[in-house]
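**Q** Before I ask anything, let me first share the structure, which is written out below as structure tokens.
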Amino acid sequence: EVVLVRRGKEPAKGCWSLPGGSLRWGETVAEGTRREVREETGMEVRVGEVFATVDAIGPDYHFVVLDSLAFPVDAKRDPCAADDVDAAEWVRADRVSGVVPQTPHLDTVVAKAIRLLDAQGLGEQV
């Protein structure tokens, strides 16, 4: 399963996505990932490697998104929407492509994460 959030603000307001946001000055990718997941879902995570990059380009923005593996400290905890998201929930990885609307590349990024975890023998831990 993977935690998805529905964005409550632009860009991509109303679309399902992975938790995340902008880094603060001096913050590492791992620190920012932990903070954003906590702010948006209330969950604490152990952050793994960056495994994908995505260019998110709109009419008045261009973000470079770094996707990191993240593992919940408490896998039994349900996410709770907060901050700039209006929903957060666990979704089976094989059902992500059916979640609509979603941010571009979401299903591709999740599939890549699953392949990587399976190759590392970690697929059952997520």
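**Q** Hey, what's the chain come to in accessible area per residue, 1.4 Å probe, Å²?
**A** 61 Å²
**Q** Want the number for D94 to V73: 0.36 nm per residue separation, take away the alpha-carbon distance, what's left?
**A** Numbers: separation 21, 0.36 × 21 = 7.56 nm, distance 2.24 nm.
This chain segment gains 5.3 nm when fully extended.
**Q** Here are a few candidate values for mean projected area of the Cα convex hull in nm²: [x] 8.3; [y] 7.3; [z] 14.2. Which one was actually calculated from the structure I just gave you?
**A** [y]
**Q** Let me ask something else about it. Using θ = phi - 60° and the Karplus curve 6.51 cos²θ - 1.76 cosθ + 1.60, what whole-Hz ³J(HN,Hα) does each residue of region 73-85 get, with Gly and Pro shown as x?
**A** The phi angles translate into 5, 10, 5, 8, 6, 8, x, 10, 4, 7, 6, 9, 10 Hz.
**Q** Are there trypsin sites (Lys or Arg not before Pro) in region 80-126 that DSSP puts in a loop and that have at most 12 other Cβ atoms within 10 Å, and which ones?
**A** In loop regions of region 80-126 (DSSP not H, G, I, E or B), the sparsely surrounded trypsin sites (Lys or Arg not before Pro) are R92.
**Q** Report the extension gain between K9 and D55 in nm, rounded to one decimal, defined as 0.36 nm multiplied by the number of residues separating them, less their alpha carbon distance.
**A** The K9-D55 span can extend by a further 14.7 nm.
**Q** In terms of solvent-accessible area of protein heavy atoms at a 1.4 angstrom probe, what is the ranking of L122, L106, highest value first? Could the numbers behind the result be given before it?
**A** Values: L122 45, L106 5 Å².
I get L122, L106, largest accessible area first.
**Q** Follow-up. Hey, what did the chain get for relative contact order, percent, Cα under 8 Å, at least 6 apart?
**A** Relative CO of the chain lands at 30 percent.
**Q** For labels at R46 and H62 in the simple 7 Å Cα→Cβ model, what's the distance in nm?
**A** Computed distance between label sites R46 and H62 equals 3.8 nm.
The values are calculated or read from the model by the stated rules, or taken from the named source; none is laboratory data. Since this is a predicted model, take the numbers as computed values, not measurements. When we count neighbours, we look across all protein chains shown, and the Cβ atoms used for this are built from the backbone with ideal geometry, even at glycine. Keep in mind that these areas ignore ligands, DNA and RNA; they rest on the heavy atoms of the full protein, side chains included. Shrake-Rupley method; radii C 1.70, N 1.55, O 1.52, S 1.80 Å.
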